Amino acid sequence: MTGSKSSLHNANCDLSRQLDRKNQLKSVKPSSLSVIIKGMKVIPREAGRVTYSTKIRELKNLPFTEKQKAIIIGMILGDGCLCDNWSKTNSRLIVSHSIDQSEYIWWKYHELKSHILTPPRYYERNRSLTIRTISHPEITKFREVFYAQKRKIVPQNIAKLITNPLVLAVWFMDDGNNIQRNGKSCGYHINTQSFTHKENKLLAESLRKIYGTEATLERNHEKYRLAVWKKDSREKIRNLTQPHILKDMLYKIG
């Protein structure tokens, strides 16, 4: 995730809090206002103007599948952000993509639809589409693993979390790109500039441990990102990710 994406991450979380507050006020009856004044929590409406009901409670108790968890981990390493709901009882996943990647975000929507109440929402100001899950206990657990003091981090056990090639594929569709010279593919970048040097080193070590791929750390605008130059490592990444890469995103692996 680059610096510009980090800014989008913060904007998404701010938007989430604003929407939560807006939905909270819409869902509270006048007779309930005294409850808020007394400091007690009132459960807000979730996205899509659906009030907190039996349906929402059932969704909060519905576990994510292993495939969904793999997609979520890939998104967290990439463009996804995890934000607390207004009452800070649980977290939700939010992600935005340019309208040029509409197929990709619609794929994410359909894969996670069991925990999303509304289709991708279009924002004219930056020509982007955004989805967000309901706040959910399992998302909260992911936030506890991947965040420290409100900053996204690479956890020490990341190697155990990326064993499914689908994680790598989603991460690469989010943050990877094909390096070309003279019209030929010669390497890959994974734009991990939002992570520290130490965290990038841990990512590289984990990729080597799990997949046998060699990734080096490369300076980029005073930050670091991963670069894959060796042919055999590029081929391993291509072979691992290609079965999961969307047609419109195949350009990323060359």
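The values are calculated or read from the model by the stated rules, or taken from the named source; none is laboratory data. Since this is a predicted model, take the numbers as computed values, not measurements. FYI the Cβ positions are ideal-geometry reconstructions off the backbone, even for glycines, and counts take in every protein chain you see.
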Condition test on N200, is it part of a helix (DSSP H, G or I), surrounded by 15 or more Cβ atoms within 10 Å (Cβ to Cβ), at pLDDT 95 or above and not hydrophobic (A, V, I, L, M, F, W, C)? yes
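Here's the yes/no breakdown for (1) hydrophobic (A, V, I, L, M, F, W, C); (2) in a helix (DSSP H, G or I):
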residue	(1), (2)
I71	yes, yes
G74	no, yes
D79	no, no
L117	yes, no
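Table: residues versus (1) under 27 Å from A148 (Cα atoms); (2) modelled with pLDDT under 95; (3) of a type in the set (F, W, Y).
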{"position": "T65", "(1), (2), (3)": "yes, no, no"}
{"position": "I71", "(1), (2), (3)": "yes, no, no"}
{"position": "I76", "(1), (2), (3)": "yes, no, no"}
{"position": "L82", "(1), (2), (3)": "yes, no, no"}
{"position": "T89", "(1), (2), (3)": "yes, yes, no"}
{"position": "I94", "(1), (2), (3)": "yes, no, no"}
{"position": "W106", "(1), (2), (3)": "no, no, yes"}
{"position": "L112", "(1), (2), (3)": "yes, no, no"}
{"position": "I116", "(1), (2), (3)": "yes, no, no"}
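Give the number of residues within the range 230-245 that are in a loop (DSSP other than H, G, I, E, B) and surrounded by 15 or more Cβ atoms within 10 Å (Cβ to Cβ).
Taking the range 230-245 first, the residues in a loop (DSSP other than H, G, I, E, B) are 230, 245.
With the extra rule that they be surrounded by 15 or more Cβ atoms within 10 Å (Cβ to Cβ), the set shrinks to 245.
Of the residues in that region, 1 qualify.
Given the structure, is A215 in the same structural domain as V170 (by TED's automatic domain parsing), touching a helix residue (DSSP H, G or I) at 6+ places or on another chain (Cβ under 8 Å) and not charged (D, E, K, R)? Spell out the reasoning first.
Numbers: in the same structural domain as V170 (by TED's automatic domain parsing): yes; touching a helix residue (DSSP H, G or I) at 6+ places or on another chain (Cβ under 8 Å): yes; not charged (D, E, K, R): yes.
Spelling it out, A215 is indeed in the same structural domain as V170 (by TED's automatic domain parsing), touching a helix residue (DSSP H, G or I) at 6+ places or on another chain (Cβ under 8 Å) and not charged (D, E, K, R).
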Just name the residue that is farthest from I190 (Cα to Cα) out of those in the range 158-180 that are β-branched (V, I, T) and outside any helix (DSSP H, G or I). T163
Filter the range 119-129 down to the residues that are surrounded by fewer than 19 Cβ atoms within 10 Å (Cβ to Cβ) and either outside any loop (DSSP other than H, G, I, E, B) or in the same structural domain as N239 (by TED's automatic domain parsing) (or both) and list them by number. R121, Y122, Y123
Looking at S206, is it within 23 Å of the chain's Cα centre (by Cα) and farther than 25 Å from S98 by Cβ? yes
